[in-house]
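K.L.:
Please see the structure below; I have some questions.
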Protein chains: 2
Amino acid sequence: MSIPFPARSRFLDPQIEMAHGAGGKASRRLVEDLIAPLLLGDSSGPLADAAQVQIGPASVAFTADSFVVHPLRFPGGSIGDLAVNGTANDLAVSGARPHALVVTLIVEAGLPSRELEAEIRAIAQAAARAGVIIAGGDTKVVEHGKADRLYITTAGIGRPLPGAHLSPSRVQPGDKILLSGPIGDHGTTILLARGELDLEADLSSDTRCVFPMVEALLNAAGPCVRWMRDPTRGGVATSLNELARDAHVGILIEEDAVPIRDTVRGACELLGLDPLHIANEGQFLAVVAPDRAQAALEALHQTQGGELAAIIGEVSQQPRATVLSKAAFGGTRVLDMLVGDPLPRIC
Amino acid sequence: MSIPFPARSRFLDPQIEMAHGAGGKASRRLVEDLIAPLLLGDSSGPLADAAQVQIGPASVAFTADSFVVHPLRFPGGSIGDLAVNGTANDLAVSGARPHALVVTLIVEAGLPSRELEAEIRAIAQAAARAGVIIAGGDTKVVEHGKADRLYITTAGIGRPLPGAHLSPSRVQPGDKILLSGPIGDHGTTILLARGELDLEADLSSDTRCVFPMVEALLNAAGPCVRWMRDPTRGGVATSLNELARDAHVGILIEEDAVPIRDTVRGACELLGLDPLHIANEGQFLAVVAPDRAQAALEALHQTQGGELAAIIGEVSQQPRATVLSKAAFGGTRVLDMLVGDPLPRIC
């Protein structure tokens, strides 16, 4: 059988490194140069958080993510919470109501059963909170030393909301950029939980299902919501760079408008990291047409967890495919995608 | 929030061992005593290969599997083939036409890119052969020593065929048991590929999508097809034991009627294994009402790969929850589920 896939891949990195899984530039290269051309064909457009698939009379949103976070448990959650919320959030920001998940486990032989049970319970409880059912799953066990305790993969299906028409191609200069809440909590919590920083801080992961906030936003602004994404690996900066590239627009961020907790800012300063590159697991970005942006923001403020939502910038005509960040004292800098892998295995 | 899950699990094994992933008795205990009660609730019935989920106006079949086979490549296929065919087959034997898959990769840092590329190509080609689209995915990278080169998880959705009404509860004494072809090819191929047996043999994995065979069977016997399953981990013996338990029936197998290649029989004799416990990746079992069993068999014989299909036994009233195997020379033995893990990581 002849298969219509390219004979040679454009991907030239000789081997896979941690950075290819970090969600930044190397990840994008791996996906754009190797995986997408072979698996999705050359006609594939920008990669969305969830695909829309037609099954008979119904349109179904469909997505999957693997979770390899280390450590398994951390303040505010665990790998089980992430596995449910992460996939539910991919459905939510694609404009779909999360409905059902399937869960697969890769377990390292020797894992104490009570640790596995704790994660099964975390999955069950996170699913109940998110209003999704667990429809099935699979378990594999590998020898000791062939995994790191437990990896979880979840796939999810959901029903696209009738009012949601989301695409980078709908993003226009003048549109406002909304952020649901403070950034960097998850990634910073994981760093602290590893004990790599000699720092005590009252901080916990923001892992949660953002669907109630997404629904409130869509109810308030309907088709004026142009695009959404949950800024996980690579953070807000990476998600906005992907949008700028996919939508062929510029993006200008007001750095002062981005909500960041002092603890996160402090930890990032110690580490020389930009909070805009730190992963979030319970936030989302939305681009909203200017005349509905204020109403959308007020709707978010009324939701649980959306109290600190903010308009953090806007879309511009130029410079295309570029994100600029304006500091409080007036300077403007180019905000790049995440490069390298300063924060391995945060989800 | 109060969560309606049992406070204590019945699962008493102190830690997870390889046998919990082998598909036999320990796997069933893990699922029935720990995972299903917590994740699926006490109301869950027998565990099917794929769940049926209602999304708006459509019924959607939904399933997922992780793949950790070692080695990654073997005669007849590779982990990429298994990942596509395994999930497509779970949909097929649930009576659904496989439609779309999402694929997630967990890659060990240091994996040569050309090995990853080979598996991406295998996925693309297996999907093309199976007639399914790849709708999306995710890639995570873990440190060297935290995985074994590459693990793949696939989730699939499909459209239930209108004529398929499959459930253990529909299985009746007198029904015939059909098997699509020779057993044990996959598991034996993996064993040989590991070089653990000092044996040269012309054998390859049976990995393939069984949907065309399933469709032919359903076209020939319609609602007279009562139940189907693909006997992967744990083999035909384990699948039939699960059926006997779930349907509260007895099952009698004519051992002579089970198609087995000489190579497989020979390797199993050397290893002291029962071919009925060896994994298959391109076969399925079907229970068909007696008056349509012959027509169903003839339909299978007309399909590519179904030439050696056979009626291997029948359903009986007694002894309930038990599988008996009658040898050619007349003796009858109890055929149990797989116990332990003689064949780790064959899928």
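The values are calculated or read from the model by the stated rules, or taken from the named source; none is laboratory data. All values reported here derive from a predicted model rather than from experimental measurement. For neighbour counting, all protein chains shown are included, and Cβ atoms are generated from backbone atoms with ideal geometry for every residue, glycine included. Just the protein is used for accessible areas: all its heavy atoms, side chains included, with ligands, DNA and RNA removed. Shrake-Rupley method; radii C 1.70, N 1.55, O 1.52, S 1.80 Å.
K.L.:
In the range A:325-340, what residues are open to solvent by 40 Å² or more (accessible area, probe 1.4 Å) and either closer than 24 Å to A:GLY282 by Cα or in a loop (DSSP other than H, G, I, E, B) (or both)?
P.N.:
Within the range A:325-340, A:ALA328, A:PHE329, A:GLY330, A:ASP336, A:VAL339 meet the criteria.
K.L.:
Can I ask one more? Among the residues of the range B:81-91, is there at least one that is farther than 15 Å from A:ILE157 by Cβ and at the interface with chain A (Cβ under 7 Å from one of its Cβ atoms)?
P.N.:
No, the range B:81-91 contains no residue that is farther than 15 Å from A:ILE157 by Cβ and at the interface with chain A (Cβ under 7 Å from one of its Cβ atoms).
K.L.:
For the range B:298-313, state whether one or more residues are open to solvent by 10 Å² or more (accessible area, probe 1.4 Å) and either within 27 Å of A:VAL141 (Cβ to Cβ) or free of Cβ contacts under 8 Å to residues at least 12 places away in the same chain (or both).
P.N.:
There is at least one residue in the range B:298-313 that is open to solvent by 10 Å² or more (accessible area, probe 1.4 Å) and either within 27 Å of A:VAL141 (Cβ to Cβ) or free of Cβ contacts under 8 Å to residues at least 12 places away in the same chain (or both).
K.L.:
So if I check each of A:GLY145, A:GLY136, which one is part of a strand (DSSP E or B) and farther than 19 Å from A:THR232 by Cβ?
P.N.:
Numbers: A:GLY145 fails: part of a strand (DSSP E or B).
After applying the criteria, what remains is A:GLY136.
K.L.:
Would you check if there is a residue in the range B:245-266 being at pLDDT 95 or above, among the charged types (D, E, K, R) and under 15 Å from B:ILE346 (Cβ atoms)?
P.N.:
Within the range B:245-266, none of the residues are at pLDDT 95 or above, among the charged types (D, E, K, R) and under 15 Å from B:ILE346 (Cβ atoms).
K.L.:
Return the total of residues in the range A:262-280 being open to solvent by 10 Å² or more (accessible area, probe 1.4 Å) and assigned to a loop (DSSP other than H, G, I, E, B). Steps first, answer last, please.
P.N.:
The initial filter retains those residues of the range A:262-280 that are open to solvent by 10 Å² or more (accessible area, probe 1.4 Å), namely A:262-263, A:265-266, A:269-275, A:277.
Checking which are assigned to a loop (DSSP other than H, G, I, E, B) leaves us with A:272-274.
Of the residues in the range A:262-280, 3 are open to solvent by 10 Å² or more (accessible area, probe 1.4 Å) and assigned to a loop (DSSP other than H, G, I, E, B).
K.L.:
Before we move on, is B:ARG114 of a type in the set (D, E, K, R), more than 30 Å from B:GLY313 (Cβ to Cβ) and in contact (Cβ under 8 Å) with a residue 12 or more places away in the chain?
P.N.:
Working: of a type in the set (D, E, K, R): yes; more than 30 Å from B:GLY313 (Cβ to Cβ): yes; in contact (Cβ under 8 Å) with a residue 12 or more places away in the chain: no.
For B:ARG114, the condition - of a type in the set (D, E, K, R), more than 30 Å from B:GLY313 (Cβ to Cβ) and in contact (Cβ under 8 Å) with a residue 12 or more places away in the chain - is not met.
K.L.:
In the set B:GLY137, B:GLY110, B:GLY95, which member is facing chain A (nearest Cβ under 8 Å), of a type outside the set (A, V, I, L, M, F, W, C) and buried (at least 24 other Cβ atoms within 10 Å of the Cβ)?
P.N.:
Unique residue meeting the criteria: B:GLY137.
K.L.:
Given (1) more than 18 Å from A:LEU166 (Cβ to Cβ); (2) at pLDDT below 95; (3) in a loop (DSSP other than H, G, I, E, B); (4) at the interface with chain B (Cβ under 10 Å from one of its Cβ atoms), where does A:ASP13 come up short, assuming only one miss?
P.N.:
Here A:ASP13 clears every test but (2).
K.L.:
Turning to a different aspect of this structure: Of all residues in the range A:9-25, count the ones that are open to solvent by 40 Å² or more (accessible area, probe 1.4 Å) and among the acidic types (Asp, Glu).
P.N.:
Residues in the range A:9-25 being open to solvent by 40 Å² or more (accessible area, probe 1.4 Å) and among the acidic types (Asp, Glu): 1 in total.
K.L.:
When the range B:53-70 is examined, which residues are found to be more than 8 Å from chain A (Cβ to nearest Cβ) and buried (at least 24 other Cβ atoms within 10 Å of the Cβ)?
P.N.:
If the condition is that a residue be more than 8 Å from chain A (Cβ to nearest Cβ) and buried (at least 24 other Cβ atoms within 10 Å of the Cβ), then B:ALA61, B:VAL69 are the ones that fit.
K.L.:
Turning to a different aspect of this structure: Among the numbered criteria (1) open to solvent by 10 Å² or more (accessible area, probe 1.4 Å); (2) under 28 Å from B:GLN15 (Cα atoms); (3) facing another protein chain (nearest Cβ under 9 Å), which single criterion is violated by A:ILE120?
P.N.:
Result: A:ILE120 fails condition (1) only.
K.L.:
B:VAL288 is checked against (1) open to solvent by less than 10 Å² (accessible area, probe 1.4 Å); (2) under 19 Å from B:LEU338 (Cα atoms) and fails just one. What number does that condition carry?
P.N.:
For B:VAL288, the failing item is (2).
K.L.:
Restricting to the range B:280-297, give me the number of residues that are free of Cβ contacts under 8 Å to residues at least 24 places away in the same chain and under 21 Å from the mean Cα position of the chain (by Cα).
P.N.:
Count: 0.
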